[in-house]
Amino acid sequence: MVLFNVSRKDTIPFDGQKPGTSGLRKKVKVFIQPNYLENFVQASFNALSLTAEKVRGSTLVVSGDGRYYSKEAIQIITKMSAANGVRRVWIGQNGLLSTPAVSGVIRERVGHDGSKATGAFILTASHNPGGPNEDFGIKYNMENGGPAPEGITNKIYEYTTTIKEYFIAEDLPDVDITTTGVTNFTGPEGPFDVEVFDSASDYLILMKSIFDFESLRKLLSSPKFTFCYDALHGVGGAYAKRIFVDELGAQESSLINCIPKEDFGGGHPDPNLTYAKELVARMGLGKSESQGEPPEFGAAADGDADRNMILGKRFFVTPSDSVAIIAANAVEAIPYFSTGLKGVARSMPTSAALDVVAKSLNLKFFEVPTGWKFFGNLMDAGLCSVCGEESFGTGSDHIREKDGIWAVLAWLSILAYKNKDKLEDKLVTVEDIVRQHWSTYGRHYYTRYDYENVDAGAAKELMAYLVKLQSSLSEVNQLIKGVRSDVSNVVHADEFEYKDSVDSSISSNQGIRYLFEDGSRLIFRLSGTGSEGATIRLYIEQYEKDPSKIGRLSQDALAPLVQVALKLSKMQEFTGRSAPTVIT
C-alpha cells in the first residue's frame with residue numbers, strides 16, 4: 001500500500017464553453033493552462049455530489065481516444081479522484097477506450113472485487129484533429145453509460161465560473177497505464193485502487209452477445225469477399241485487429257491506419273469522403289483511378305470510434321440510408337434483434353429514410369434533436385432499439401452512445417445474411433443492398449454542406465435572417481421561384497422544438513427547417529462540435545418514389561435545391577465563403 005495525502009489548491013473561475021453532451025472541447029494550449037483541466041474536473045465532482053452519492057466510494061472509468069495530452073490528463077484526474085473520495089478508478093490499457101466501449105464498460109463490466117462503474121471521464125474531442133496545436137476534450141458519462149444530461153452539464157458549467165479550489169492527491173505516484181493490473185493505495189479516507197485493464201476484451205464480449213460471429217467468419221473468409229477498415233489512427237485501431245483479424249479471419253492487410261497515434265498521424269480523424277482519403281481511394285471513389293480492384297466492403301471510424309462511414313466497391317452509403325437499411329434488416333440478420341425492434345429514432349437533420357421504414361414495418365418512430373442523450377432517454381424507457389444521426393453516428397440500445405464498430409458489424413451481418421448459401425455464386429454487394437432498399441422504400445437524395453470556422457457573429461446573423469424570413473412563406477416561395485421555377489413550394493417553416501416523450505423536457509431552437517410540398521427539406525443548424533469559431537451545417541434532401549428516377553447521381557438530383565438553399569440563406573454574403581469546407 002502506498003500512502004497519499006490530499007491537497008487543497010487554489011484555482012480561478014474561467015469563462016468556459018458551456019459543456020453539452022459532447023463535453024468541453026478546446027485547443028490543447030487552453031487545456032494545459034494552469035488549473036484549467038482541474039477546474040472542470042472538480043466542477044464535475046461538485047455537480048455530481050449534489051444529485052446523489054455519485055463520487056464518494058464510487059468506481060470511475062478514466063480513458064479516451066489517446067489524443068495528445070491524454071496521458072497527462074489521466075494522471076491528473078486519477079489523483080483528483082483519490083482526493084475527492086472515489087474508491088477506485090478503471091483505466092483502459094495505454095489510456096485507450098473508445099467512447100462506445102466506455103459506455104459498455106459502465107453498463108456491463110464487473111471488477112475483480114465485484115465492483116461496477118458509476119460513471120466515466122472520457123478524454124476525446126471526437127472527430128476533431130489532435131496534436132500539440134489541435135484539440136482536446138473531456139466529457140462525463142453517467143451510470144447508464146450515456147452522456148450527462150443537461151441538468152448535470154448546466155451545474156458543471158455553473159461551478160466552472162465560480163470555483164475557487166480543487167482537491168488533488170499530489171503525492172500519489174503516477175500509475176503505469178501500459179501494464180494491466182491493480183495498484184492499491186491508502187489515503188486519509190481509506191483504500192483507493194487503480195485497475196488498468198485490457199481495452200478490447202470487454203467490448204469483444206459485448207459484440208459477441210449481439211452478432212453471429214460464425215456467420216461473419218464465413219463471409220470474411222470467402223475468397224469472393226474483400227474487406228478494408230480504416231481507423232484513421234484513432235482508438236478504433238485498438239479493437240480492429242482483435243475483432244476483424246483475430247476473431248473474424250480478415251487479412252491483416254485489410255486494416256489501414258490502425259495504430260492509434262496522439263496526433264492521428266497528422267490527419268483529420270473524421271470518417272467522411274473528404275478526410276478518409278486513403279480508404280476512399282482504395283474503394284475506387286477517389287479522383288484518380290484506384291490501383292487494382294477495390295474491396296467489396298470498406299469502413300472508417302473517427303478518433304473515438306463512435307462514428308462510422310460505410311462504403312461498397314465504388315459506392316458510398318449515406319449515414320441516413322445506413323441506419324434505415326440496418327433497421328429494415330436487423331430482425332433477420334442480427335441475433336440481438338431476433339424478437340423484434342422496440343422502435344427506431346433519428347435526429348431531426350437526418351433524412352426521412354428511416355421514417356419510411358418505420359411506417360412500412362409498423363414501428364414506433366421518433367424524431368429528436370441532435371445529441372445522443374435524446375436517444376438514451378428513449379432506450380432507457382424501452383422505446384427504441386436502433387437509431388442514427390446523419391453525422392455518421394449509428395447505434396442501438398446495447399449501450400448509450402453511438403458505436404462505429406457496431407455499425408460495421410451490423411453491415412457485415414446484413415451482407416452475411418444476404419449471401420447465406422450464395423457465397424459460391426455472384427456476391428450480393430453493398431450497392432445491391434442499397435439499390436434494392438431504394439426500390440422498396442424510395443430514395444432520399446441527401447447531402448450536407450459544412451462551413452467550418454465561420455465568424456460566430458456572422459453565423460448568428462445568418463440564422464437570425466433565416467428565422468425572420470419564415471414569417472412570410474409567400475415571400476420565401478417568391479424568392480425560390482426567382483432562383484428555380486422547378487422547385488416546389490415551401491409549405492411549412494419553423495425552428496425545430498422537441499418535447500421529450502420520456503421526461504417531458506423541452507428543447508428549443510434545434511435547427512431551422514424549410515419543408516417543401518414534395519417532401520424535400522432544407523435545414524440549417526449551428527454545430528457545437530468544433531473548438532473555435534462556428535460551424536454552419538446545411539442539410540438538403542429530396543425524396544423520390546418513382547423507381548425510374550432513383551438511379552440519378554445525387555449531385556444532379558439535388559442541384560436545384562442546393563442553388564435555392566445558397567441563394568435563400570445568402571450564405572456567401574453572410575459568411576464570405578463561396579464553397580463549403582466539407583460536402584458529405
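The values are calculated or read from the model by the stated rules, or taken from the named source; none is laboratory data. Note that the structure is predicted; figures quoted are calculated from it, not measured. Here the Cβ is made from the backbone with ideal geometry for all residues, glycine too, and neighbour counts use every protein chain on show. The area values use the complete protein model at the heavy-atom level, side chains included, leaving out ligands, DNA and RNA. Shrake-Rupley method; radii C 1.70, N 1.55, O 1.52, S 1.80 Å.
Within the range 470-483, can you find the residues that are β-branched (Val, Ile, Thr) and either under 30 Å from GLY151 (Cβ atoms) or under 35 Å from the mean Cα position of the chain (by Cα) (or both)?
We begin by selecting, within the range 470-483, every residue β-branched (Val, Ile, Thr); these are 476, 480, 483.
The answer is VAL476, ILE480.
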Margin query: On the basis of being of a type outside the set (Phe, Trp, Tyr), under 30 Å from GLY533 (Cα atoms), modelled with pLDDT under 95 and surrounded by fewer than 21 Cβ atoms within 10 Å (Cβ to Cβ), does LYS71 make the cut?
Written below: no
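Kindly evaluate ILE506 against the criterion of being at negative phi, touching a strand residue (DSSP E or B) at 6+ places or on another chain (Cβ under 8 Å), without any contact (Cβ under 8 Å) to a residue 12 or more places away in the chain and not small (Gly, Ala, Ser). Give the derivation first.
Numbers: at negative phi: yes; touching a strand residue (DSSP E or B) at 6+ places or on another chain (Cβ under 8 Å): yes; without any contact (Cβ under 8 Å) to a residue 12 or more places away in the chain: yes; not small (Gly, Ala, Ser): yes.
The answer is yes for ILE506.
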When every residue in the range 31-63 that is of a type in the set (Ser, Thr, Tyr), surrounded by 20 or more Cβ atoms within 10 Å (Cβ to Cβ) and out of contact with any helix residue (DSSP H, G or I) (no Cβ under 7 Å at 6 or more places or on another chain) is compared, the one modelled with the highest pLDDT is THR59
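Working carefully through the options ALA358, ALA345, ALA327, ALA305, find the one that is part of a helix (DSSP H, G or I), touching a residue at least 40 places away in the same chain (Cβ under 8 Å) and farther than 21 Å from SER554 by Cα.
Values: ALA358 fails: touching a residue at least 40 places away in the same chain (Cβ under 8 Å); ALA345 fails: part of a helix (DSSP H, G or I); ALA305 fails: part of a helix (DSSP H, G or I).
None of the other options fit; the residue is ALA327.
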### Query
Looking at this structure, is HIS127 surrounded by 23 or more Cβ atoms within 10 Å (Cβ to Cβ) and in the same structural domain as MET142 (by TED's automatic domain parsing)?
yes
So is SER578 under 27 Å from LEU354 (Cβ atoms), part of a loop (DSSP other than H, G, I, E, B) and within 30 Å of the chain's Cα centre (by Cα) or not? no
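Have a look at GLU452, GLU461, GLU424 and point out the one that is open to solvent by 60 Å² or more (accessible area, probe 1.4 Å) and outside the structural domain of MET283 (by TED's automatic domain parsing). Reasoning before the result, please.
Numbers: GLU452 fails: open to solvent by 60 Å² or more (accessible area, probe 1.4 Å); GLU424 fails: outside the structural domain of MET283 (by TED's automatic domain parsing).
GLU461 is the lone residue from the list that is open to solvent by 60 Å² or more (accessible area, probe 1.4 Å) and outside the structural domain of MET283 (by TED's automatic domain parsing).
Every residue in the range 254-302 that is in a loop (DSSP other than H, G, I, E, B) and β-branched (Val, Ile, Thr), please. Spell out the reasoning first.
Filtering the range 254-302 for residues in a loop (DSSP other than H, G, I, E, B) gives 257-263, 267-276, 283-296, 302.
Hits for the range 254-302 are ILE259, THR274.
Looking at the structure I just gave you, is LYS373 at pLDDT below 95, within 13 Å of the chain's Cα centre (by Cα) and either assigned by TED's automatic domain parsing to the domain that holds VAL430 or closer than 25 Å to TYR239 by Cβ (or both)? Spell out the reasoning first.
Numbers: at pLDDT below 95: yes; within 13 Å of the chain's Cα centre (by Cα): yes; either assigned by TED's automatic domain parsing to the domain that holds VAL430 or closer than 25 Å to TYR239 by Cβ (or both): yes.
Yes.
Output the residue which, of all residues in the range 361-370 that are outside any strand (DSSP E or B) and closer than 20 Å to GLU497 by Cβ, is nearest to the chain's Cα centre (by Cα). Before you say what the answer is, go through the steps one by one.
We begin by selecting, within the range 361-370, every residue outside any strand (DSSP E or B); these are 361-364, 369-370.
Still in the running and closer than 20 Å to GLU497 by Cβ: 369-370.
On the way: PRO369: 14, THR370: 11 Å.
The residue in question is THR370.
Looking only at the range 254-293, which residues are among the hydrophobic types (A, V, I, L, M, F, W, C) and open to solvent by less than 40 Å² (accessible area, probe 1.4 Å)? Full working, then the answer.
Filtering the range 254-293 for residues among the hydrophobic types (A, V, I, L, M, F, W, C) gives 255-256, 258-259, 264, 273, 276, 279-281, 283, 285.
If the condition is that a residue be among the hydrophobic types (A, V, I, L, M, F, W, C) and open to solvent by less than 40 Å² (accessible area, probe 1.4 Å), then LEU255, ILE256, CYS258, PHE264, ALA276, LEU279, VAL280, MET283 are the ones that fit.
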Taking the range 451-488 and keeping only residues that are among the charged types (D, E, K, R), more than 22 Å from TYR543 (Cβ to Cβ) and free of Cβ contacts under 8 Å to residues at least 40 places away in the same chain, one is left with LYS468, GLU475
By residue number, the members of the range 128-137 that are assigned to a strand (DSSP E or B) and touching a helix residue (DSSP H, G or I) at 6+ places or on another chain (Cβ under 6 Å) are PHE136
With the first residue restricted to the range 42-59 and required to be outside any loop (DSSP other than H, G, I, E, B), and the second required to be open to solvent by less than 50 Å² (accessible area, probe 1.4 Å) and modelled with pLDDT under 85, Cβ contacts under 7 Å at 6 or more apart or on different chains are LEU48/LYS54
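Yes/no matrix, rows are residues, columns are (1) of a type in the set (Gly, Ala, Ser); (2) surrounded by fewer than 24 Cβ atoms within 10 Å (Cβ to Cβ); (3) within 29 Å of MET283 (Cα to Cα):
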site: VAL317; (1), (2), (3): no, yes, yes
site: LEU341; (1), (2), (3): no, yes, no
site: ALA358; (1), (2), (3): yes, yes, no
site: MET379; (1), (2), (3): no, no, no
site: CYS384; (1), (2), (3): no, no, no
site: THR394; (1), (2), (3): no, no, yes
site: TYR417; (1), (2), (3): no, yes, yes
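Would you confirm, using the coordinates I've provided, whether VAL102 is open to solvent by less than 10 Å² (accessible area, probe 1.4 Å), touching a strand residue (DSSP E or B) at 6+ places or on another chain (Cβ under 7 Å) and closer than 19 Å to LEU172 by Cβ? Break it down into steps so the answer makes sense when it comes.
Working: open to solvent by less than 10 Å² (accessible area, probe 1.4 Å): yes; touching a strand residue (DSSP E or B) at 6+ places or on another chain (Cβ under 7 Å): yes; closer than 19 Å to LEU172 by Cβ: no.
Taking the combined requirement at face value, the residue does not satisfy it.
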Considering the range 427-449, residues that are open to solvent by 20 Å² or more (accessible area, probe 1.4 Å) and β-branched (Val, Ile, Thr), and then whichever is farthest from ILE540 (Cα to Cα), we arrive at VAL428
Selection from the range 484-517 of residues under 24 Å from the mean Cα position of the chain (by Cα), farther than 23 Å from ALA381 by Cα and outside any loop (DSSP other than H, G, I, E, B) yields GLU495, ILE512, ARG513
Here the residues within the range 303-319 that are out of contact with any Lys or Arg (no Cβ under 6 Å at 6 or more places or on another chain) and farther than 14 Å from ARG435 by Cα are GLY303, ASP304, ALA305, ARG307, ASN308, MET309, ILE310, PRO319
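Test GLN572 against the stated conditions and say whether it is part of a helix (DSSP H, G or I) and among the polar types (S, T, N, Q).
Details: part of a helix (DSSP H, G or I): yes; among the polar types (S, T, N, Q): yes.
Judged against the criteria, GLN572 is a match.
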